[in-house]
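The values are calculated or read from the model by the stated rules, or taken from the named source; none is laboratory data. Because the structure is a prediction, the values reported are computed rather than measured. Here the Cβ positions follow ideal geometry from the backbone for every residue, glycine too, while neighbour counts run over all protein chains shown. We work out accessible area using only protein heavy atoms, side chains counted, and drop any ligands, DNA or RNA first. Shrake-Rupley method; radii C 1.70, N 1.55, O 1.52, S 1.80 Å.
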Amino acid sequence: MAQGYYYERITMQRKLTIYYTSDAHGYFSPVDYASGKSAQSGLANCMNGFANDGNTLIIDGGDILQGSPLTYYLYSQRRDGDCVPARLLNLGGYDFVTLGNHDFNYGKAEIERYLRELDAVCLCANIGGIAGVRRIAVVTLQNGLRVGLTGVTMHFVTQWEQPANLDGITVTDAFTAAAEAYAELQQQQVDLTVCIYHGGFECDLETGEPLTDSAENQACRLCRELDFDLVLTGHQHMRVDGVRFCNSFAVQPTYRAPHCCGITVTVEDDGSKRFESRIIPAEGKPLARAYDLLLPLEKRVQTWLDTPAGHLDLPLVSEDHLKAALNGSYLANFINTVQLEASGAQIASSALPNEFKGLPTEVTIRDVVSTYIYTNTLVVLEMTRPALKQYIERSAAYFDHDEDGNLCIADEFLRPKVQHYNYDFFSGIHYTIDARNPVGQRVTSIVLDGRELGEDEPVTVCVNSYRFCGTGGYDMLPKQKVAREVLTDVADAMIDYITSHPNIRVDTEKYCTVIG
């Protein structure tokens, strides 16, 4: 009987593991700054779960330098010494990073200091003029897998950032730069391509239907028109555990580091790829070396945060955003009071963050920097009634009606990204919004000093630097004449106001009447 032989084809699998964080916004330690208590979050906790076996890449998607009381302290109270965010990422073993739009908030010199002290390679193909930034990189893992990477940041940074912070920096279209970088990587004979994109999704991830015509977020276009195997997204603060969208697999962690994304890519010898992803909660203990770095600094920050600042006659509590827009916000009134005194303008506008702590009657610095979390300065504009009306009309688009005819928040302020911060409250004028009217025709009255504002009557309006850039649909503002700029940070102005007015009577005036 003849012996038969049977041959089995043995396939070779090579795997890449990626740990991906993004939009940490200075939340490095497992602490809730609003309360001062410990929390199961923070980049140091995420890093304790990283396991690098030689076939692993650790990547950050940007917005790391700004956004927490810790980073506020670092850049307002302690500008000397080493760069804490860079040292932290070095301890975590990061391989690659890209820049987020908020990483530009402290200017070119601070970005270069961060990158100079960072062991990881910064990939940002649409950014020029910053030392230490590269367009592409190719890395060969221990298993021989060649991985090509690039990074881009959403180009709206040019609209949002103060011009002084972009001096010497060029920012080009994110999609165009990503396409050019992808073509470069194709020439490198790589097995896998990765795009680190500090931007989010402009379409519904289930239906593919467009949610906005803005180019702020272009991740869906990246996935649809380019052939990156993996797109690591950010900016939107929207949790995406893992999704196959057209040609690419994509993920996105939410913000302030409550978790990181773990992605495993399996590449077969025929070139086919399989993706698995998971959300890894920032639970347990922080990385010991990171804890040792952060603890002395956090102790100083906590002491500084608990410094008494002043007294308010009533608390300015966090509130439902729709109710605040309908009935007025005492917190917005207070911010506007501060801005009016700091700027000398007749009218002031402000917005509320998506989430904020609020101010108790006995105010500490912790309360202020946990409530006003942005790095904004002030701009005073000269406007006439038509321009001011156009400005208020954009805020009036915040309102819509549900199926029962009740007022609700318009979908464009909720999807694809929640944007309560794009509804502005005004002080110094009394104005009426009739939400029954079509968008763009809702402002029916603007009263200044007890009378309707004249059509050609000039007024001065104080806006923050973020709003002045025109973002959020306020493209009428950059076209207005600038009367003056106030380069004091708004949070600093709030602290100065509270400490110089030890017993503050909060403005409880209702400036806006909403009909509908």
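Scanning segment 320-357 for residues that are in a helix (DSSP H, G or I) and either aromatic (Phe, Trp, Tyr) or touching a Pro at 6+ places or on another chain (Cβ under 9 Å) (or both) yields TYR330, PHE334.
Filtered by the rule that a residue be open to solvent by less than 10 Å² (accessible area, probe 1.4 Å) and not hydrophobic (A, V, I, L, M, F, W, C), segment 115-136 gives a lone residue, ASN126.
Do we find that GLU112 is surrounded by fewer than 19 Cβ atoms within 10 Å (Cβ to Cβ) and at pLDDT 95 or above in this structure? Here the answer is yes, as GLU112 does meet what is asked. Screening SER395, SER350, SER370 for residues that are under 25 Å from the mean Cα position of the chain (by Cα) and at pLDDT below 95 leaves exactly one candidate, SER370.
The residue pairs whose first member lies in segment 328-352 and is open to solvent by 10 Å² or more (accessible area, probe 1.4 Å), whose second member is part of a helix (DSSP H, G or I) and of a type in the set (D, E, K, R), and whose beta carbons are closer than 9 Å, counting only pairs six or more residues apart or on different chains, are ALA342/ASP496; ALA351/ARG467. Considering segment 458-477, the residues that are closer than 18 Å to TYR374 by Cβ and more than 21 Å from the chain's Cα centre (by Cα) include one that is surrounded by the most Cβ atoms within 10 Å (Cβ to Cβ), namely CYS462. Listed by position, the strands (runs of 3 or more DSSP E) enclosed by segment 223-319 that each have at least 1 residues that are at pLDDT below 95, touching a helix residue (DSSP H, G or I) at 6+ places or on another chain (Cβ under 6 Å) and of a type in the set (Gly, Ala, Ser) are 308-312. Looking across segment 412-452 at every residue that is outside any loop (DSSP other than H, G, I, E, B) and open to solvent by 50 Å² or more (accessible area, probe 1.4 Å), the one that is modelled with the lowest pLDDT is identified as GLU412.
The single residue among ALA177, ALA215 that is in contact with a strand residue (DSSP E or B) (Cβ under 6 Å, 6 or more places away or on another chain) and either farther than 30 Å from GLU485 by Cβ or not in a helix (DSSP H, G or I) (or both) turns out to be ALA177.
Condition check ((1) touching a His at 6+ places or on another chain (Cβ under 7 Å); (2) modelled with pLDDT of 95 or more; (3) open to solvent by less than 10 Å² (accessible area, probe 1.4 Å)) across all residues:
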site: GLY54; (1), (2), (3): no, no, no
site: GLN66; (1), (2), (3): yes, no, yes
site: PRO69; (1), (2), (3): no, no, yes
site: TYR75; (1), (2), (3): no, no, no
site: ARG87; (1), (2), (3): no, yes, no
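Among the residues of segment 137-159, those that are crowded, with 21+ Cβ neighbours inside 10 Å and either in a strand (DSSP E or B) or not β-branched (Val, Ile, Thr) (or both) comprise VAL147, GLY148, LEU149, THR150, GLY151, VAL152, THR153, MET154, HIS155. Scanning segment 396-408 for residues that are touching a His at 6+ places or on another chain (Cβ under 9 Å) and open to solvent by less than 30 Å² (accessible area, probe 1.4 Å) gives a single hit, TYR398. When LEU91 is tested against the conditions (1) open to solvent by less than 30 Å² (accessible area, probe 1.4 Å); (2) in contact with a helix residue (DSSP H, G or I) (Cβ under 7 Å, 6 or more places away or on another chain); (3) in a helix (DSSP H, G or I), the lone failure is (1).
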